[in-house]
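Okay, so here's the structure we're looking at.
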Amino acid sequence: MPRRLFRLFFALLLALALGATACGNDDDGPAAQVIEESAPKATSTQAAQSPTQEAAPEPTPTEAPSAPAPTEVPPPTEEAAPEPDPTEAPPERPQRIVSLSPTATEILFAIGAGDQVAAVDQFSYFPPEAPVTDLSGWDPNVEAVLSYEPDLVVIANDANDLVAGMDAVGVKVLVSGAPADFEGGYDSIAELGIAVGRVDEAAALVADLRVEIEDALAAAPDVPIRVYHELDNTFFSVSSNSFIGAVYTAMGAINIADEADADGYGYPQLTEEYIVEADPELIVITDLVGYTAEDVAARPGWGEVAAVRNGNIVVVNSDIASRWGPRLPQFIAAVAEALQTVAVSAP
Amino acid sequence: MAEASLPTAALSEDETAYTAVRRAFGMSAMASVLGVVVLVGVGLLSASSGAAGLPVSGVFGALFDWIPVVGIESSLSATQENILFEIRLPRLVLGMLVGGSLGVAGASYQGVFRNPLADPYLLGVSAGAGFGAVLALGFGLDLSWGPFDTVPAAAFMGALVAVVASMAIARGGGTSPATLLLGGVAMAALFSAAQTYAIQQLNETRAREVLSWLFGQLNTTGWKQVWLLLPYAAVCGAVLFVHRRHLDVLRVGDDEARSLGLDPARSRLIVIVAASLLTAAAVSVSGLIAFVGLVVPHIVRLLISHSYRVIVPLSALVGAAFLAFVDIGARTLLAPSELPVGVITAFVGAPFFALVLWRDRWSTT
């Protein structure tokens with residue numbers, strides 16, 4: 001009986017939510033409002049950021065700005081409007097969020113939803129105040145997740161049929177996967193903001209990130225420098241089809257992994273002799289690997305590689321360089337600085 | 001070694017399969033020559049193909065220049081010479097060594113267990129090595145010693161622990177091959193479970209490293225891996241080569257072997273230890289390359305001879321040529337990206353094996 005009751009209740013909730021969304025769409029809702037307010041400033045930022053252009057023709061700055069929202073927000077209108085799914089526009093803020101995605105955890109805390117987070121997975125160790133548990137985002141266990149009595153579960157991908165398991169007990173799940181580019185990243189922040197009822201904060205974060213990322217990108221020299229981003233010593237790399245690899249091309253650099261990523265997966269494994277032949281001028285490794293820049297330079301056969309000859313091997317923080325999150329500008333700034341060094345040292 | 005091979009020299013006169021062996025010998029001499037020719041051919045083909053499109057003439061020039069007495073002006077640039085001598089050739093030689101080692105070890109296991117399904121990973125070597133590698137890659141277990149890096153050292157130790165445990169379970173392996181085999185199954189299951197559990201605790205980058213190790217890969221750090229494997233390949237290969245006739249005798253059964261003056265338990269122990277050591281060394285530098293150790297001995301058996309006198313050495317040649325050949329595909333098929341060699345070994349090997357099987361009727365070992 002309670003189960004049937006519960007279902008009824010859930011159906012009612014769903015209907016309510018649907019109704020709310022429908023209304024929201026009618027009058028462009030609060031979510032769209034905040035993001036669109038900033039339309040006037042759009043044109044200035046879009047020149048530098050071609051990916052945003054598809055979003056450009058849509059701004060409808062009909063709403064009067066009601067809150068002192070950030071003024072520099074360009075209008076990624078598509079992220080707010082076409083999401084009429086009930087789960088993304090709940091009438092109230094979920095209070096017991098379980099995040100199984102380190103990226104989502106960083107975003108949740110950055111948009112002020114930290115207090116609403118009940119538990120995060122074992123790798124969500126940033127920011128330090130995140131309530132880390134032994135939950136696994138890779139191999140999640142439905143019962144373990146449920147033991148935190150969540151009212152919203154955020155995951156990066158639906159492992160172990162978690163969505164179906166949560167559906168069965170009526171817990172909402174937001175699948176927030178790794179974005180393929182900057183716009184996808186902004187979209188997922190907006191999506192999270194809507195889902196946890198922190199729309200204003202999400203919009204502000206997106207606005208800040210846009211500015212920061214744009215500044216960082218602008219700091220890069222406009223020289224086609226060949227870059228090799230190494231994930232591990234079996235030569236897995238990132239192509240421009242991943243958002244990390246896209247950072248390099250956005251700066252006008254040449255990502256040598258692009259040629260190896262015919263199927264557009266984003267994370268190709270390169271052959272060593274190709275890397276040496278491609279002669280990267282900058283090699284980027286992460287601090288997660290068990291070797292150092294010196295080890296890379298000392299690899300047999302790599303002595304003639306430009307990056308090795310000129311000592312241009314940089315180590316980046318692997319968390320920042322693998323998560324789409326509030327700290328991404330740090331990675332871009334580090335890369336821009338490294339590219340600047342290469343551009344100066346190059347003959 | 002000499003005393004161990006003494007009884008066999010006497011007993012080959014009495015061996016039931018004497019004529020077959022005799023007949024096989026002529027064929028095997030031819031097959032050996034053919035095997036060496038194929039191996040050299042594969043080597044040259046492999047040396048001249050790769051993701052970095054080195055000019056073939058330049059490669060051959062540089063290779064001949066390598067021979068001390070010949071002085072040919074190499075047309076390769078410094079980078080190209082680096083690619084050839086520090087990346088491509090070490091990988092090619094490592095592929096041959098690993099392929100040959102797995103071939104010989106597989107043949108020895110099949111002989112000692114009198115089981116056509118035996119392969120070098122039978123006694124838990126793969127699971128033990130995998131567990132060791134996971135601990136080293138993911139949890140910072142550092143057993144590095146001398147020339148052994150952390151991963152090869154841990155994989156090697158893991159493999160040895162698994163084999164020794166299997167043999168301990170079966171009380172030294174002398175009693176019955178079936179007990180030892182079951183001990184191996186138990187150890188493999190145990191270490192696989194431990195390995196799976198450990199992988200599950202890893203983060204993304206580490207897990208990917210572990211998985212690409214488990215798939216088997218021939219990435220080299222210059223000639224380092226070659227020098228690591230070479231002593232094991234030489235010593236264990238020689239031991240197995242010397243004891244290959246014992247395998248023929250063991251085939252007819254322990255009692256017959258004993259009546260022919262052979263101590264079956266002792267022979268078995270020597271062969272198993274040598275083959276396990278060889279497999280552990282190969283696995284520690286290349287990860288788990290499937291299929292070679294299982295199928296190469298069968299291909300030799302079906303095409304050339306049923307005598308281990310022939311199967312053991314030819315498995316080395318065929319295994320070496322096969323893995324080197326398949327690795328050309330791993331390096332070039334998706335160039336400039338890489339394909340795990342362990343995937344292609346089965347992909348190329350299985351149809352070929354099926355063809356050989358289909359051509360020749362199956363006969364038990």
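The values are calculated or read from the model by the stated rules, or taken from the named source; none is laboratory data. Being a predicted model, the structure only gives us computed values, none of them experimental. Because the Cβ atoms are built from the backbone with ideal geometry, glycine has one as well, and the counts that use them run over all protein chains shown. Quick note on the areas: whole protein, heavy atoms, side chains included, nothing else; ligands and nucleic acids left out. Shrake-Rupley method; radii C 1.70, N 1.55, O 1.52, S 1.80 Å.
Build a GNM of chain B with springs between Cα atoms under 10 Å apart, and of B:G261, B:G287, B:G111 the one that fluctuates most is B:G261.
Where a ≥ b ≥ c are the square roots of the eigenvalues of the C-alpha gyration tensor, would you call the stretch B:24-147 rounded, which needs a/c under 1.5, or, failing that, prolate if a/b is larger than b/c, or oblate? Show your work: numbers first, answer last.
On the way: a/c = 3.07, a/b = 1.32, b/c = 2.33.
Oblate.
Taking a probe of 1.4 Å and counting only protein heavy atoms, give the total accessible area buried between chains B and A in Å², rounded to the nearest 100. It comes to approximately 2800 Å² buried between B and A. Shape verdict for the stretch B:224-364, please, from the Cα gyration tensor: rounded (a/c under 1.5), prolate (a/b greater than b/c) or oblate. Oblate shape, in that a/c is at least 1.5 and b/c is the bigger or equal ratio.
Note on chain B: GNM, Cα springs under 10 Å; of B:G130, B:G58, B:G50, the largest mean-square fluctuation is that of B:G58. Label zone of B:A265 (point 7 Å out along Cα→Cβ, amide N under 19 Å): in the stretch B:130-174 this covers B:164-174.
Across peptide B:198-208, the average count of Cβ atoms from other chains found within 10 Å of a residue's Cβ is 4.
Protein heavy-atom surface of chain B, 1.4 angstrom probe: 69% of the accessible area is carbon and sulfur, with nucleic acids and ligands not counted.
Mean partner shielding of peptide A:231-244, defined as the number of other chain Cβ atoms within 10 Å of each residue Cβ, is 3.
Determine the shape class of the stretch B:256-308: with a ≥ b ≥ c the square roots of the Cα gyration tensor eigenvalues, call it rounded for a/c under 1.5, and otherwise prolate if a/b is greater than b/c, oblate otherwise.
Numbers: a/c = 4.50, a/b = 1.37, b/c = 3.30.
Cα axes put the stretch B:256-308 in the oblate bin.
Once the 1.4 Å probe is applied to the protein heavy atoms, the stretch A:90-194 comes out at 39 Å² accessible per residue. With chain B treated as a Gaussian network of Cα nodes joined by springs under 10 Å, which of B:T150, B:T179, B:T79 yields the largest mean-square fluctuation? Sorting by GNM fluctuation, first place goes to B:T79.
A simple spin-label model places the labels of B:A234 and B:A29 2.8 nm from each other, with each point 7 Å out along Cα-to-Cβ. Each 20 Å bin, from zero up to the one with the longest distance, holds this percent of the alpha carbon pairs of chain B: 29, 56, 15, 0. Relative to the current alpha-carbon distance between B:V56 and B:F139, full extension at 0.36 nm per residue lengthens the span by 25.5 nm.
Note on B:84-95: average number of Cβ atoms from other chains within 10 Å of each residue's Cβ is 3. Taking label positions 7 Å along the Cα-Cβ direction at both A:D161 and B:D255, the computed distance is 5.5 nm, reported to one decimal. What chain B shows is 41 Å² of accessible area per residue, with the surface traced by a 1.4 Å probe over protein heavy atoms.
The stretch B:188-249 and the stretch B:135-179 have Cα centres lying 10 Å from one another.
Working from label points 7 Å from Cα in the Cα-to-Cβ sense, the B:V164 to B:S75 distance is 5.6 nm.
Taking other residues whose beta carbon is less than 10 angstrom from the beta carbon of A:A306, and scoring Lys, Arg as +1 and Asp, Glu as -1, yields -1. Estimated from helices alone, the mean residue ellipticity of chain B at 222 nm is -24000 deg cm²/dmol (sum of -39500 (n - 2.57) over DSSP H runs with n ≥ 4, per residue). Judged by the mean number of other Cβ atoms found within 10 Å, the most tightly packed of the peptides A:291-301, B:132-142 leads the ranking B:132-142, A:291-301.
The listed peptides B:268-276, A:121-129, ordered by packing as a protection proxy, come out as B:268-276, A:121-129 (highest mean of other Cβ atoms within 10 Å first). Electrostatic tally near B:E204: other residues with Cβ closer than 11 Å to its Cβ, Lys and Arg +1, Asp and Glu -1, net 0.
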